[in-house]
Amino acid sequence: MTEPLKARGLGFDLDGTLVDSAPGLCEALDKALQDFNLPAAGVERLSTWIGNGADIMVERAVRWAEGDLSPEFLQKVRDKFDHYYADTAAGGSRLYPQVKETLAALAAAGIPMGLVTNKPTPFIAPLLQSLGIDSYFTVVIGGDDVVAKKPHPAPVYMTLALLGLRASEMVFVGDSRNDIHAAQAAGCPCVGMTYGYNYGETIALTKPDRVLDNFADLLPTLGLSSLKDQEA
């Protein structure tokens with residue numbers, strides 16, 4: 001039997017790990033592209049561009065659309081995206097199955113949790129509130145809060161400092177190679193979720209300490225009772 005991972009704290013990615021945000025991102029990005037007479041990308045294609053922050057997502061989209069890649073034009077598209085995403089973020093996002101129940105169980109176990117995402121910071125708090133999970137996180141770090149985003153370990157180091165933990169004491173949970181590489185570079189054990197956005201690649205290729213198909217499986221992975229056992 002595999003030994004449970006020991007955690008005095010947890011770090012989580014957001015998009016693709018806790019939240020399926022692709023529909024809202026896609027609606028905003030497609031509207032922005034079409035404002036400049038560029039083709040809409042669609043959810044399936046956009047899902048392979050998520051993970052490195054909005055600037056890189058916009059650049060990937062404009063490159064695919066064979067648009068102008070000058071910094072000035074990319075900023076115009078980004079500004080349009082931000083404008084539309086303010087309206088589509090909440091309605092175009094949903095929690096993955098059993099995320100809220102699992103976060104509640106982790107909180108009840110007294111485990112402090114941090115959120116580390118490359119998503120632009122202004123969109124994070126309203127989204128967490130709309131989904132009813134904002135109260136679970138002691139620390140929230142967005143893409144605008146650090147100089148270097150994941151896969152750089154800087155935001156993970158910041159989370160460790162704010163939670164007062166050593167790297168070996170925090171398990172980081174994510175869905176993409178950016179998450180796993182950031183955790184590994186910081187020295188944190190990590191869990192890879194198979195259902196999210198990882199550029200069309202299996203998360204196992206990045207060699208996380210554990211690979212899980214379902215978010216609720218995180219509880220027994222950490223040596224805690226499963227949701228089913230807690231309900232019994």
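The values are calculated or read from the model by the stated rules, or taken from the named source; none is laboratory data. Bear in mind that the values here come from a model prediction, so they are computed numbers and not experimental data. Ideal geometry is used to build each Cβ from the backbone, glycine not excepted, and the neighbour counts take in all protein chains shown. Surface areas here come from the heavy atoms of the whole protein model, side chains and all, with no ligands, DNA or RNA. Shrake-Rupley method; radii C 1.70, N 1.55, O 1.52, S 1.80 Å.
Ordering 170, 122, 152 by the projection of their Cα atoms onto the charge dipole of segment 117-179, which places +1 on the Cβ of Lys and Arg and -1 on the Cβ of Asp and Glu, puts 152 at the extreme positive end. Charge dipole of segment 64-165 (Cα centre as origin; +1 on each Lys and Arg Cβ, -1 on each Asp and Glu Cβ, all else neutral): 260 debye, rounded to the nearest 20. Antiparallel DSSP bridges in the chain: what percent, to the nearest 5? Roughly 10 percent of the beta bridges in the chain run antiparallel, per DSSP. 3J(HN,Hα) along segment 132-140: x, 10, 5, 6, 7, 10, 6, 10, 10 Hz, from the Karplus curve 6.51 cos²θ - 1.76 cosθ + 1.60 with θ = phi - 60°, whole Hz, x for Gly and Pro. When the GluC sites (Glu not before Pro) in segment 162-232 are filtered for DSSP coil states and for at most 16 other beta-carbon atoms within 10 Å of their beta-carbon, the remaining sites are 201.
Surface composition of the chain: carbon and sulfur make up 50 percent of the accessible area, probe 1.4 Å.
What is the helix-to-structure angle for 99-108, meaning the angle in degrees between its Cα long axis and the longest Cα principal axis of the chain, kept from 0 to 90 and rounded to the nearest 10? On a 0 to 90 degree scale, this one is about 40. Listed cross-link partners 31/207; 31/119; 80/150; 149/207 are compared with a 27 Å cut-off, the Cα-Cα value being larger for 31/207.
Rounded, prolate or oblate: pick one for segment 109-148, where a ≥ b ≥ c are the square roots of the eigenvalues of its C-alpha gyration tensor, a/c under 1.5 means rounded, and failing that, prolate if a/b is larger than b/c, else oblate. Oblate shape, in that a/c is at least 1.5 and b/c is the bigger or equal ratio. The angle between the Cα long axis of helix 22-35 and the main principal axis of the chain comes to about 10°, on a 0 to 90 degree scale. The length gained on full extension between residue 228 and residue 44, counted as 0.36 nm times the residue separation minus their Cα-Cα distance, comes to 63.0 nm. Over the chain, DSSP H runs of length four or greater, each weighted -39,500 (n - 2.57), average out per residue to a 222 nm ellipticity of -11500 deg cm²/dmol. Put a dot 7 Å past the Cα of residue 69, heading toward its Cβ, do the same for residue 204, and the two dots end up 3.4 nm apart. Once the Cα atoms are used to define both axes, helix 177-186 deviates from the longest principal axis of the chain by about 50 degrees.
The calculated FRET efficiency for the pair residue 135 and residue 194, based on their C-beta separation and a Förster distance of 22 Å, comes to about 0.20.
Computed from point charges on the beta carbon alone (+1 for Lys and Arg, -1 for Asp and Glu), the dipole magnitude for the chain about its Cα centre is near 440 Debye. Multiplying the residue separation of residue 6 and residue 109 by 0.36 nm and removing their Cα-Cα distance gives an extension gain of 35.8 nm. In the context of the full set of protein chains, the chain has a per residue accessible area of 45 Å² (1.4 Å probe).
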